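Written out below as structure tokens is the structure these notes cover.
The values are calculated or read from the model by the stated rules, or taken from the named source; none is laboratory data. Computed from a prediction, not measured in an experiment: that's the story for all the values here. Cβ atoms come from the backbone with ideal geometry, glycine included; neighbour counts cover every protein chain shown. Surface accessibility is based on the protein's heavy atoms, side chains included, excluding ligands, DNA and RNA. Shrake-Rupley method; radii C 1.70, N 1.55, O 1.52, S 1.80 Å.
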Amino acid sequence: MTKKSINRKRRLGKKLKQNRRMPLLASLRTHRRLQSNRFARNWRSQKLNIEEE
């Protein structure tokens, strides 16, 4: 197994958080103006291009 740098870990963590589902209350409060998470991605088909520094 390879060791991840701290920067890579941070970026992976950020992308993981961005990938979360939109809260139901958010769509209700905005009267469904916000329908889905713009950052949601399919981990099977969309790979992250994270370069090492």
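For the options R11, R29, R21, a Gaussian network treatment of the chain with springs between C-alpha atoms closer than 10 Å singles out R29 as fluctuating the most.
Using bins of 5 Å that start at zero, the share of Cα-Cα pairs per bin across the chain amounts to 4, 17, 19, 19, 15, 10, 8, 5, 2, 0, in whole %. Ordering L48, L25, S5 by the projection of their Cα atoms onto the charge dipole of the chain, which places +1 on the Cβ of Lys and Arg and -1 on the Cβ of Asp and Glu, puts L25 at the extreme positive end. For helix 6-18, what angle does its Cα long axis make with the longest principal axis of the chain, in degrees from 0 to 90 and rounded to 10? Around 20 degrees separate the two axes.
Per residue, the chain exposes an accessible area of 105 Å² to a 1.4 Å probe, with every protein chain left in place.
Of R20, R41, R33, the residue with the greatest mean-square motion in the GNM of the chain, using alpha carbon springs below 10 Å, is R33. By accessible area, using a 1.4 Å probe on protein heavy atoms only, the chain has 52% of its surface on carbon and sulfur.
State to the nearest 20 debye the size of the charge dipole of the chain about its Cα centre, where the only charges are +1 on K and R beta carbons and -1 on D and E beta carbons.
On the way: 18 positive and 3 negative charges, 40 e Å.
I would put it at about 200 debye.
Residues whose amide H comes within less than 5 Å of that of N37, counting only those at least five positions distant or on another chain, are M22 (H built at 1.01 Å from N in the peptide plane).
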